[in-house]
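Everything on this sheet refers to the single structure shown next.
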Amino acid sequence: MATDGGSSVFVSPCAFSPKSHQYLALSTQDGSLRLWDTQSNTLYQEYVPSAHLSATCTCLAWGPCRTFKDGPQRKKRKSEVAPHGGQLDLLAMGTAAGTVLLYSTVKGQLHSKLDGGHDSKVNCVRWHPENNCLYSCSDDSHIVEWDLQTGKVKCKWKADKCAVSCLCLSPDGKMLLSAGQTIKMWDLETKEVYRRFTGHATAVSMLCFATTRPTTRGMEGLYFLSGAAHDRLLSVWQVRSDGKDKNAVLSFTLTDEPIYVDLAMSQSKDEAVKLAVVCKDNQMHLFEHVLNGHCKKPLSPSCSVQVASPGSVGDSVPWPVPIMAAALTVDKQALLLAYGSGLQPVIERTTLNAGETHVCLVRDIQTSLTLRTETTVTKVKTPTVKADAKLLVPGLPGHSAPTKSTPLETKRKPGSDTKEMSIEERLGVIDLSPAEGHKGVHKGGLPLQTDSFAVLLVQGLESSDSNILNKVFQTRKEVLIKKTVARLPIPAVLPLVQELSKRMQGHPYSGVLMVRWLKAVFTFHASYLSTLPSLVSQLGVLYHMIESRVKMFHKLSRLHGKLYLLITQIAASDKSQGVIALDQTAKLVYEEDSSDEEEEGTGDEMLAEEEDSDHWEEEEEMREVTEPSDKGEEHSDEEMNVENKLNGDSDLEPDNESEEE
C-alpha cells in the first residue's frame, strides 16, 4: 500500500496505480493533475480543475480496480475497445478548500465533486476495498464516510481533538486507522474506538497495514506501520487481544522524514514483509523482515538507493536527483522509480542486486528529456506541396512572401552532429551582472532581459539549483526585481516565497537582499496569496522569524550602547595610564650668599624710599598751586620742609611730620 507525498510542503502528492503500476498520478503545485504512463514514460492525461489555484490538491488515492461485471452494462460502440480483466476508473483528490474530486481515467474528465463534508483542508482520502465508499479526514478533526452512488455524506464523526492527518483501512475493510494526537483503530460497524496507540511526537504522515487479518485468531497478529513528520523512524505496531499493544514493537531506521511508502504485504506468518521507503533527503531504502513479535534494536535498511546526475564537462562531481516515488513490482524482484522534476518526471524500472547495500544510479536527466522532446517533434507531419501549386500567404494583393523552410528541417535531428547547449553553457553566455554605465546591457554585450531572469528563476526553483538561484538573487536593481516577479508564473510564487524564507534564516547580509524580493512578491501577488487556505501555515515561519528579530532589535540596541560606553571608558583609562608623569625636580639650583642678599635688600629699600619721596614732593607742589597762601607760617613751614628734603634730611617719619605741622 502506497502513501502520497502530501506530508511535506515541498513534495507534490503522487501515487502509483495499484497492482500493475501502469500509471503514475502526480499533482503539481498549481493544482493540475497529470497521469504518466510508466511503460512509455509519456504523459497520458492531464486535468486542470476550475479552482486549481484556490483549491490545490493536497492528497490523492487510486480507487480499486473494477471488472465489467460490476454495475450496469451498456452496449459497446464499435469504436470502443473492450479492455481485458479489470480497469482503473476513479481517482480521488482531496483539496485545500475541503472538497473531494473524483476523476475518471476512462472518460478523461471530472466524474463528480463531493462537498459539504469538511470545513478545512483535506489531509487524506482512502477507498474501501469492497464497498462503494470513500473515507476522508481533515483539519476540522472529523472523519467523513462518503456514499459514491449518491455523492453525499453517509456518516461523519469527530475522531480527535485536533486535526486528523492520516487514514488507513484494513485489508478486510472492517477496521479503520486514524492518526491525530494518537493513533486510533475504529470499528466501522459501530464507529467506536477499538484500540488506542501511543503514536508519535509530531503529526503522523503515513499509515499502512503490513499483514492481512488472520481469520482464526481474530485480531491477534495484525501489524501496521506509521511514520511522522521530522521523524527518522518507521514504527511497527501489533494488535493484541490482551490490550498490551500501546507501544511499538519494532522500528525501521531512516535517514530523514518519509514522504512515500510502498509495501508488499505478507500473506502468512513466515513470509517476510518487503518495504520501499522514499525519504525527504532524496534517498530510497529497502527493508525486508519477518514480523514476529517484539524487537528491541531498530532495523537498518538492506539496501539504499540514490539517483545522481553526472557533472558538467568541467566538473566531474555528480549532483543528487530527487526521488518522488518508488514501488515494488508484482513479482517483488524489480523496482519502479520516479525521479526528477515534477513537471516531467523520469520513470525507470530497475533490478537491484541482493548483495549491494548502497546503490547510486547515475542518470543524465537532460539527455533523456531531450530525446523525449525529439521523439514528439518527429511525430509531426508536414503536408507536401507540389511544385506547380500556387501558395497563398497573408499580405497585400499581388505580393507574395518568400516561402520559408519547414520547422522540421531546421530542428536538430537525432543523428546530427550539432550539440545542444547545456544550462551551464547558457548561464556562461548570459552574464547576470550588467556592466556599469551601460543600462540594460550585459558585460558580454547581450541585452539584459527580464523574461530571461524569470525563466532562470523558475528553472532554479524547479531543479533546486543553488548556483542559478544565487546568481538571480544577487541583483540589487529594484526595477529588475519588480519586473522579474511580475512576469513570474503563478505556480512558482509559493516555491519562491518558501525559498526566500529559507534564505532569510541565513546570514544577515543575504537577508538584506531577500527582503527586496519578498517586498516585490507581496506587492504583485498579494491577491493570489490571499486565496490560499494554508497561507498562515505557509508564512508562519517567516512571520515568527521577522517578529523575533524585531523584538531582539531593541535589546541589541541597548546592549550595543552599553558596550560602546564600556569600551570608551576602557579606552580612556588606558590612554590616561599611558601618559608619562611630569618630573617636578629642578634640573639646576643656584644659591647666593646671605651678605649679598642683605646688601641687595637695603639697596632696594633705598630706591623705594626715594621713589616715595619724589612722589610726595610732587603732591606738595600740587597742593601749593591749589591751596591759597594766606597763612605765612604754614608757607614758611612748607618751605622749610622742602629745604630739608633737598638737603637729604628724610629721617622724619610721617607721624612726626604731622605733629610738627
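Looking only at residues that are under 12 Å from S205 (Cα atoms) and open to solvent by 10 Å² or more (accessible area, probe 1.4 Å) in region 164-180, which one is farthest from the chain's Cα centre (by Cα)?
Going residue by residue through region 164-180, those that are under 12 Å from S205 (Cα atoms) are 164-168, 178-180.
Next, only the ones that are open to solvent by 10 Å² or more (accessible area, probe 1.4 Å) stay: 165, 180.
Values: S165: 22, G180: 26 Å.
So, considering only residues that are under 12 Å from S205 (Cα atoms) and open to solvent by 10 Å² or more (accessible area, probe 1.4 Å), the one farthest from the chain's Cα centre (by Cα) is G180.
Given the condition at pLDDT 85 or above and more than 29 Å from the chain's Cα centre (by Cα), answer yes or no: does some residue in region 48-69 qualify?
Yes, the conditions are met somewhere in region 48-69.
Does at least one position in region 330-341 carry a residue that is in a strand (DSSP E or B), open to solvent by 50 Å² or more (accessible area, probe 1.4 Å) and under 27 Å from W36 (Cα atoms)?
no
Residues being open to solvent by 20 Å² or more (accessible area, probe 1.4 Å) and either among the β-branched types (V, I, T) or under 14 Å from L207 (Cβ atoms) (or both): count how many of those fall in region 135-159. Working first, answer last.
Within region 135-159, the first condition is being open to solvent by 20 Å² or more (accessible area, probe 1.4 Å), and the residues that meet it are 139-140, 142, 147-158.
Pick out the ones that are also either among the β-branched types (V, I, T) or under 14 Å from L207 (Cβ atoms) (or both) and you get 150, 153.
Number satisfying all stated conditions: 2.
Check off (1) open to solvent by 10 Å² or more (accessible area, probe 1.4 Å); (2) over 20 Å from E348 (Cβ atoms) for P258 and give me the number that stays unchecked.
Only one criterion is unmet by P258, namely (1).
Would a scan of region 220-235 turn up a residue that is outside any loop (DSSP other than H, G, I, E, B), more than 24 Å from A334 (Cα to Cα), open to solvent by 20 Å² or more (accessible area, probe 1.4 Å) and touching a strand residue (DSSP E or B) at 6+ places or on another chain (Cβ under 7 Å)?
Of region 220-235, the ones outside any loop (DSSP other than H, G, I, E, B) are 222-228, 233-235.
Still in the list and also more than 24 Å from A334 (Cα to Cα): 222-223, 226-228, 233, 235.
Next, from what is left, pick out any that are open to solvent by 20 Å² or more (accessible area, probe 1.4 Å): 233.
Now drop any that are not touching a strand residue (DSSP E or B) at 6+ places or on another chain (Cβ under 7 Å), which leaves 233.
Yes, region 220-235 contains a residue that is outside any loop (DSSP other than H, G, I, E, B), more than 24 Å from A334 (Cα to Cα), open to solvent by 20 Å² or more (accessible area, probe 1.4 Å) and touching a strand residue (DSSP E or B) at 6+ places or on another chain (Cβ under 7 Å).
Restricting to region 236-255, name every residue that is open to solvent by 40 Å² or more (accessible area, probe 1.4 Å) and within 15 Å of A179 (Cβ to Cβ). Talk me through it step by step, then tell me what you get.
Step one: filter region 236-255 for residues open to solvent by 40 Å² or more (accessible area, probe 1.4 Å), giving 240-242, 244, 246-247, 253, 255.
Hit for region 236-255 is K246, nothing else.
So, in region 513-523, of the ones that are of a type outside the set (G, A, S) and buried (at least 16 other Cβ atoms within 10 Å of the Cβ), which residue ends up farthest from Q29 (Cα to Cα)? Spell out the reasoning first.
Narrowing region 513-523 to residues of a type outside the set (G, A, S): 513-519, 521-523.
Keeping just the survivors that are buried (at least 16 other Cβ atoms within 10 Å of the Cβ) gives 513-514, 516-518, 521.
Values: L513: 26, M514: 22, R516: 24, W517: 21, L518: 20, V521: 17 Å.
My answer is L513.
I'm checking my understanding of the structure. Among residues of region 111-131 that are among the polar types (S, T, N, Q) and surrounded by 16 or more Cβ atoms within 10 Å (Cβ to Cβ), which one is nearest to S165 (Cα to Cα)? Outline the logic, then answer.
Kept after step one, since they are among the polar types (S, T, N, Q), are these residues of region 111-131: 112, 120, 123, 131.
Imposing the further condition that a residue be surrounded by 16 or more Cβ atoms within 10 Å (Cβ to Cβ) reduces the set to 120, 123.
Numbers: S120: 12, N123: 5 Å.
Per the stated criteria, the residue is N123.
The values are calculated or read from the model by the stated rules, or taken from the named source; none is laboratory data. From a predicted model like this one, the values you see are computed outputs, not experimental measurements. Note that we place each Cβ from the backbone using ideal geometry, even for glycine, and neighbour counts take in every protein chain shown. Each accessible area value is taken on the protein alone, full model and side chains, heavy atoms only, with ligands, DNA and RNA left out. Shrake-Rupley method; radii C 1.70, N 1.55, O 1.52, S 1.80 Å.
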